[in-house]
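Please read the structure below before turning to the comments.
What follows is calculated from the coordinates using simple rules that are stated; it is not laboratory data. All values reported here derive from a predicted model rather than from experimental measurement. Cβ atoms come from the backbone with ideal geometry, glycine included; neighbour counts cover every protein chain shown.
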Ligand SMILES: Nc1nc2c(ncn2[C@@H]2O[C@H](COP(=O)(O)OP(=O)(O)OP(=O)(O)O)[C@@H](O)[C@H]2O)c(=O)[nH]1
Ligand SMILES: [Mg+2]
């Protein structure tokens, strides 16, 4: 089979934003205007579960009116194939944005025209920076009371440190939002109805445009009066991208044509020199087709972005794979979904061609995978395909061993693609089946949920034997259990949320340990000398072998490392994992008969316990970055309350008519915050929080935590 869509005609893009900015609403319009869908469903009409938007089809998404998992759809616009992933804005589901951005070539960042840049706009923007994904900005909700385009552009500059470049300016705002001036064509596009099928009129940009459109608000009129200034900024910025156009502009005063401008905008966007900004109101059906035009005109095709890097066993880059059908096959598995019908593994093909029935290598795990059914996903609908080519995003049915982040490749040309990074879960709950009879079914379903979501971790409490589920937030854990009910038909119960504390040491010391046993038959012997030293926050664990002359035989060094790795998970203070330290094996001794892998593992474990107790261990706690948005009247109360929660106020920002208080607060102090906040502000304030970093727990608080853990252990 030959390629049907040329690579240059493909756009793999994501829609990212803070909660409620209008990503799903925009996606619905995109599917409607591209002819993929005949009715538009609005988010607030799905709560009775009788209907759903195409991408928010989970019961939990319909009921709560939020997106929980990313969903892929595809559509054609001006003969270009757009593969689009709608992502969630809620911080608890950041993993979904993370993995989508890893495999996409471009993104549309949606902003609420009233709130502007919100915490999750910032987090997602930084994620896109990390993955080097070129972006467009879309200032949505221009129809809402308080919408302000320029304020949003200014926030993009200041809070995101970006270089926004308006390619449109709005005509009017709030209930008087009429359309926009296209600064590339220098034409006004105006709608005289909110109807989804209303066509826009094209008008000349004349000085009396504001009067003709009955624009009365002074700031809206000023924006239109400044249209020349915005056009100049656009032309000047475009000229930076095109030497030839710059030359003829400077020498002969030739103003670049719209086509020349669009070419320059494409070049600058693809190289992230700037970010074009558009405006509109998806809900009122204004500006969505123009966003589609911009996606086609400015966002990269798979061949426009840097080739994917290949890495060695340590994750260090060693080469690259070009996006081409002629290269050997390589793809990255970025998402695994499990339901009663089996597993679906989403892959992005980076090079080569994959055909049904092929046998490929999972190079991450060194296992072979047989490719059975292949499908192109359209939200929850699966359409069978026979092959997939470079640049495609498809799903494979029922793979045996492939997990999120693994590479699949041609076994004759093995490579490992750059891995994905996952956020660390900071909150945990104990979970169990509602009835004893369902325990096994519950365990199996839980295993599948965890396999599908790398931001969930499962462990067994050593003391109490309880199953502990760790995740990104209370909502994340609640939704996980609720999905087990709807997707696997098994009900669970959840304990009180707990903080995922950690332990570390603060002193460097050298410890010797001799493990020796002489009981009847064969004896046991191993001696180790290990230096333990603290590392900076976030460094994790490092093991170094500095032994010389075979004092610890080479084959037993891995056993020492293994012993330390096991033991560090059970900290000396309160059984939390020990982090941010280095262990250097410097010396030891062995016995020809009595030493083996196990004796060295035992010695290493005991050495760790003895050493860390002496190395001034401390407890670390997750600290959250909290942003509380409140009307000014309650500012004092909100700040006072955050202080009582051991918070450190970092900043106060204007947010429309409200004030956003930004603070670092320990997670343990944030349980039940929403209730307190609501009653303090008569329900008028809201907040978001995300993990920031780990900090030492103050002595007195730490003593309480440790006491509680040993009490629970006794009770358990
Ligand atoms: N006034 C107005 N409301 C809008 C507009 N776009 C979306 N909304 C409303 O904003 C709410 C949130 O919209 P969604 O599309 O679910 O937002 P989202 O960004 O997908 O949200 P999450 O996926 O939960 O992060 C819904 O009630 C929409 O009807 C708009 O242009 N104007
Ligand atoms: Mg959504």
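Please compute the Kirkwood hydrodynamic radius over the stretch 558-716, one decimal place, Å, based on all pairs of different Cα atoms.
Values: mean 1/r = 0.0525 Å⁻¹.
For the stretch 558-716, the Kirkwood estimate is 19.0 Å.
Which angle from 0 to 90°, rounded to the nearest 10, does the C-alpha axis of helix 149-160 make with the longest principal axis of the chain? Roughly 30 degrees between the two axes. Taken over the alpha carbons of the chain as equal point scatterers, the Debye sum produces base-10 log I(q)/I(0) values at 0.06, 0.08 Å⁻¹ of -0.42, -0.74.
Counted residue by residue at 0.36 nm each, then reduced by the alpha carbon distance between them, the extension gain from residue 703 to residue 244 reaches 158.3 nm.
Rounded to two decimals, the Cα-based Rg/Rh of the stretch 1-139, with Kirkwood Rh, is 0.97.
Using only the C-alpha atoms, the convex hull of the stretch 180-263 corresponds to 114 Å³ per residue.
The distance from the alpha carbon centre of the stretch 43-103 to that of the stretch 441-476 is 24 Å, rounded to a whole number.
Per-residue packing, averaged as other Cβ atoms within 10 Å, sorts the ranges 191-197, 692-698, 595-601, 499-505 into the order 499-505, 595-601, 692-698, 191-197, beginning with the highest.
Taking 0.36 nm per residue of separation and subtracting the Cα-Cα distance, full extension of the segment from residue 318 to residue 555 would add 82.4 nm. Taking the chain as the reference, fit the longest principal axis to its C-alpha atoms, fit the long axis of helix 474-488 to the helix C-alpha atoms, and give the angle between the two in degrees, 0 to 90, nearest 10. Roughly 90 degrees between the two axes. For the stretch 1-57, the Kirkwood hydrodynamic radius comes to 13.4 Å, computed from all pairs of different C-alpha atoms. Label reach from residue 403 (point 7 Å along Cα→C-beta): in the stretch 83-111, amide nitrogens under 20 Å belong to 94-100, 102-103.
With the cut-off at 21 Å, report for the stretch 121-207 the share of all Cα pairs above it, as a whole percent.
Across the stretch 121-207, Cα pairs with separations above 21 Å total 41 percent.
In whole angstrom, the stretch 71-225 maps to an equivalent ellipsoid with semi-axes of 30, 19, 14, each derived as √(5λ) from the alpha carbon gyration tensor and ordered largest first.
Extending 7 Å from the Cα toward the beta-carbon at both residue 459 and residue 44 defines two label points whose distance is 4.4 nm.
Potential lengthening of the chain between residue 79 and residue 618 amounts to 188.0 nm, from the contour at 0.36 nm per residue minus the alpha-carbon distance.
Seen against the Cα atoms of the chain and their longest principal axis, helix 597-614 is set at about 80 degrees. FRET efficiency for the residue 421 to residue 204 pair, using the beta carbon distance and R₀ = 56 Å, is estimated at 0.65. For the pair residue 306 and residue 598, what calculated FRET efficiency results from E = 1/(1 + (r/R0)^6), where r is the Cβ-Cβ distance and R0 = 60 Å, to the nearest 0.05? After rounding, the FRET efficiency stands at 0.80.
The translational diffusion coefficient of the stretch 300-451, from Stokes-Einstein at 37 °C and 0.692 mPa s with a Kirkwood hydrodynamic radius over alpha carbon pairs, comes to 195 µm²/s. Rounded to the nearest 0.05, the FRET efficiency derived from the C-beta distance between residue 478 and residue 254 at R0 = 56 Å is 0.35.
Looking at the stretch 224-326, the pairs of alpha carbons with a distance over 16 Å make up 69% of the total. The spacing between the stretch 611-678 and the stretch 134-151, judged by their C-alpha centroids, is 28 Å. Coordinate range of the alpha-carbon atoms in the stretch 507-584 per principal axis, descending: 45, 32, 20 Å. Global dimensions of the stretch 282-363 from alpha-carbon coordinates: Rg and Dmax equal 17.7, 51 Å.
A convex hull fitted around the alpha carbon atoms of the stretch 498-639 yields 126 Å³ per residue. Spatially, the stretch 267-317 and the stretch 519-560 are offset by 49 Å when compared through their Cα centroids.
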